Every structure is written in structure tokens, then in C-alpha cells.
Amino acid sequence: MGLSTAIYVGVASDDGLRIRSALGDGRAPHNSAAPASTGTWVGTWSASPSAAEPGTETTGMADRSVRNVVHTSVGGTSARVTLSNLYGQSPLSITRATVAVSAGSGTPAALADTMRQLTFGGGPTVVIPPGRQVMSDAVRIVVPHDSDVLITTYTPSSSGPVTHHRHARQVSYVARGDHAQDVTGTPYTERIGSWRYLTALDVLSNESDGTVVVLGDSLTDGITSTPDTNSRWTDVLSDRLRAEIASGRDLPRYSVVNQGISGNQVLADGLGRPADNPSGLNRFGRDVLERTNVKVVVIDLGVNDILRNPRLADPNAILTGLRTLVGQAHARGVKVVGATLMPFQGHRGYTEAREAVRQTINAQIRAGRVYDAVADFDQALRDPYNPRRLRPEYDSGDHLHPSDAGYARMAESFDLSTLKGSAPAKL
């Protein structure tokens with residue numbers, strides 16, 4: 001009976017509807033290990049579910065332990081995770097899940113005294129119906145900032161396709177059998193470059209008062225950044241914000257979480273039902289507004305609407321889509337910082353007509369007609385001798401995506417003072 005009850009405990013639609021959990025809605029925690037301390041729940045890491053994983057349609061991760069490795073933005077004294085079966089076509093049974101602090105970079109081993117079993121509605125087992133997600137109960141664990149955390153799930157039976165985030169730029173691990181509580185890492189012989197099932201890690205934090213969510217495409221996903229180095233521009237932004245606060249600068253104490261999906265567009269969904277790579281408009285509720293304690297959203301979308309449109313994209317349609325996102329954020333009291341679109345001359349998709357669309361959109365953004373504040377990544381990374389191209393040292397080589405130095409430049413150019421304040425009041 002306990003198992004059947006677990007199917008419905010804390011399970012929510014994975015379509016932007018709010019998730020409720022122990023401590024998340026003011027109720028007493030189910031888990032006896034849940035915190036009695038004070039603090040603020042914030043997101044320390046997240047990744048958008050982006051697609052059904054090819055090749056997992058039949059067996060999923062049957063009799064496999066998946067050890068996802070994620071990197072924290074801020075630390076806390078308790079943690080909870082969100083697991084998704086958005087793209088599954090059958091119920092996903094998880095009979096054991098754990099969280100632990102990693103023993104070091106590039107290893108599936110855990111610090112032994114940090115291993116904690118996760119519960120869902122007070123029990124160790126949960127079944128997530130297709131298209132749904134679940135948030136675990138809170139568990140006491142000291143999670144350091146700027147550290148790797150291991151979240152492991154064991155699924156005993158076939159359930160596919162697997163919901164994943166494809167381009168993690170972070171190695172995670174898989175073991176045969178139930179090794180969710182293993183601290184040595186020895187059974188984890190398979191290495192993977194995606195995150196499976198896991199979409200968020202929240203912490204109860206005394207060092208953060210809210211969450212900055214960055215919504216973007218491959219430029220935010222960090223697709224050309226060096227793996228396992230946390231060199232996405234959002235990682236650098238998080239480190240920079242922490243350092244500035246530590247130096248005494250008057251800035252909001254926010255975590256930074258990354259909701260980039262490579263290939264993402266403002267307007268168009270990918271194929272499938274539910275859609276692989278859902279549009280910014282489609283996923284804004286789930287991936288931004290329903291992140292924990294979101295205060296500011298940074299939007300860096302639009303380039304793929306230009307490059308992937310078989311016809312010439314309509315700049316007004318893209319701008320209308322972006323303004324729709326801003327309106328949705330303002331309705332929830334969330335401030336919006338928006339990025340200019342960076343140059344891509346030299347990329348195979350470049351045409352003069354597409355360049356004109358980019359310039360039209362950027363002009364509106366710079367004029368203050370789209371966002372509350374602007375991050376001018378175009379100005380920061382363009383070649384001063386040819387503003388239609390990326391500066392060579394900031395170019396990964398494909399003339400579209402930045403190098404590690406380019407990602408760092410994006411973060412360095414971001415005006416941290418734009419994170420201050422709230423959404424403008426309605427007149």
C-alpha cells in the first residue's frame with residue numbers, strides 16, 4: 001500500500017504547475033532528517049529537461065543506478081531534488097535515491113559522512129507517472145558552495161524513454177544494480193555526458209536570499225565550454241557575484257541557475273509530444289517561474305529563431321515573443337534582464353538578411369523597449385574591426401559559440417547592479 005500511495009505523493013505535472021513539497025508549502029517535513037534550522041530555499045543548480053534520450057525507449061535505465069554530478073552555485077544546510085519523467089511513456093519507479101557531496105572533481109566517489117537517503121512523502125520509493133515530476137522531501141546535509149554534488153537514482157524496472165538534458169558538459173556515471181548508497185564509486189564504470197531524470201537541486205541557505213534563473217539556448221547551455229570545468233558563462237557569473245559580495249559590494253545575495261537548452265528558440269518547439277526542446281514561450285512557466293524563490297530572470301534567446309527558420313525570420317514576431325515572456329515574469333513580480341544577440345558572421349547560417357534581423361532586434365533591446373535592463377553581450381564579444389563577427393579570442397571556432405574566454409567575457413560584462421530591485425510596478 002505504501003508504494004501505491006507514493007505514486008501520488010508530491011507528484012506534479014511537469015508543465016509549469018507549482019510543485020509542493022515538505023517545507024516548500026509551510027507544512028511540517030515528512031523526513032525526520034529534515035531541517036529545523038532557518039534559512040531560505042533557493043535553487044543552487046538546475047537543468048531543463050530537453051528531450052527523450054535516444055535508445056532508451058524500451059528498457060530505460062532498468063536495474064541501473066544513475067549518479068548525476070552537478071555543481072552548486074550556493075551552499076546550504078539541507079537539500080531537496082526534483083526528478084522528472086516528462087518524456088516517459090510509462091511510470092518511472094525509483095526505489096532508492098541519495099544525495100552526497102562528491103569526494104573530488106572527476107570522480108563518482110562520495111564523501112562517506114555526507115551520504116543521505118532521499119525520501120518522497122516520507123518513504124524511500126516513488127513512482128512518477130509519464131509527464132510528471134516530483135520533489136523529494138528535505139534532508140539535512142551541509143552542501144558547500146562551488147562544489148560537486150552527487151544525486152543518484154536506482155530504477156529496478158523498464159521505463160522509457162529516459163528524460164534527460166543532453167549537453168551537460170559534465171561527466172556523470174552509471175552502475176549496474178542498486179548502488180545508490182555506494183560511497184566508493186567503484187561500481188560506476190560507465191561515463192555519460194548528460195543528466196538523467198534530475199532537473200533541480202535546492203538548498204536551504206543562509207548565504208542566499210533568492211535565485212537568478214538564466215533562460216537561454218546553447219550559448220547559455222555552454223555547449224563549446226570545456227567539460228568538467230564549469231566554464232559556462234552562468235558559472236562565471238555566479239563566482240563573480242559571490243566575490244563581489246564578499247568584497248563588500250552592495251549586491252543582492254542570489255544563486256544562479258542555468259536553464260539553457262541547446263538549439264532553443266523563443267517561438268518554435270521541437271518535434272514530438274511532449275515536444276523535444278520546447279520553445280521559450282512553452283517552457284517559461286516550468287523552467288523559470290516555478291524555480292525556487294526566483295527573483296530575476298536573464299533571457300538570452302533569439303539567435304536560433306533567426307538561424308533555424310527556413311524562411312527569413314520576422315523580427316517583430318521574435319520581439320513579441322520576448323515581450324510576452326517579460327509580461328509573464330512581471331505578473332509574478334520577477335525582474336527581467338535581457339541579452340543582445342551576439343554576432344555570427346562566418347557561421348554557415350549567416351546571410352546579410354539574417355544579420356539585418358539581428359540588428360533590428362538588438363536596436364529594440366538597447367532602446368529599452370523589451371527588457372527591464374540589458375546585458376549587451378553583442379558589444380562585449382564582437383570584433384571591433386568587424387562588428388558582425390565574434391572577436392577571434394572569444395570565438396570557439398564555429399563563429400557562433402564562444403570559447404571559454406568568450407563565456408568568461410560574457411559574465412564579466414554583465415552589470416551586476418541590474419540584479420538589484422524588482423519588477424516595475426504596474427501603472
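The values are calculated or read from the model by the stated rules, or taken from the named source; none is laboratory data. Keep in mind that this is a model prediction, so the values were computed, not measured. We place every Cβ from the backbone using ideal geometry, glycine too, and count neighbours over all the protein chains shown. Each accessible area value is taken on the protein alone, full model and side chains, heavy atoms only, with ligands, DNA and RNA left out. Shrake-Rupley method; radii C 1.70, N 1.55, O 1.52, S 1.80 Å.
When Thr234, Thr211, Thr226 are checked against the criterion of being assigned to a loop (DSSP other than H, G, I, E, B) and touching a residue at least 60 places away in the same chain (Cβ under 8 Å), Thr226 stands alone in meeting it.
So which strands (runs of 3 or more DSSP E) stay within the stretch 124-178 end to end and still have 1 or more residues that are surrounded by fewer than 19 Cβ atoms within 10 Å (Cβ to Cβ) and at pLDDT 95 or above?
139-143, 172-176
Does the stretch 340-356 hold any residues that are of a type in the set (A, V, I, L, M), free of Cβ contacts under 8 Å to residues at least 60 places away in the same chain and either surrounded by 23 or more Cβ atoms within 10 Å (Cβ to Cβ) or assigned to a loop (DSSP other than H, G, I, E, B) (or both), and which are they? Leu341 - this is the single residue of the stretch 340-356 that is of a type in the set (A, V, I, L, M), free of Cβ contacts under 8 Å to residues at least 60 places away in the same chain and either surrounded by 23 or more Cβ atoms within 10 Å (Cβ to Cβ) or assigned to a loop (DSSP other than H, G, I, E, B) (or both). Here Thr220 meets the list (1) over 23 Å from Ala168 (Cβ atoms); (2) touching a residue at least 12 places away in the same chain (Cβ under 8 Å); (3) among the β-branched types (Val, Ile, Thr); (4) part of a helix (DSSP H, G or I) almost entirely, failing just condition (1).
Put simply, of Leu267, Leu301, Leu307 the only residue that is open to solvent by 20 Å² or more (accessible area, probe 1.4 Å), closer than 29 Å to Pro343 by Cβ and touching a helix residue (DSSP H, G or I) at 6+ places or on another chain (Cβ under 6 Å) is Leu267. Within the stretch 357-382, the residues that satisfy the criterion of being in a helix (DSSP H, G or I) and in contact (Cβ under 8 Å) with a residue 24 or more places away in the chain are Val357, Arg358, Thr360, Ile361, Gln364, Ile365, Arg366, Phe377, Asp378, Gln379, Ala380, Leu381.
The strands (runs of 3 or more DSSP E) found entirely in the stretch 44-117 that carry 2 or more residues being in contact (Cβ under 8 Å) with a residue 40 or more places away in the chain and closer than 20 Å to Tyr188 by Cα are 64-71, 96-101.
Taken over the stretch 226-258, the criterion of being of a type in the set (Val, Ile, Thr) and either within 17 Å of Ser205 (Cα to Cα) or within 16 Å of the chain's Cα centre (by Cα) (or both) is satisfied by Thr234, Val236, Ile245, Val256, Val257.
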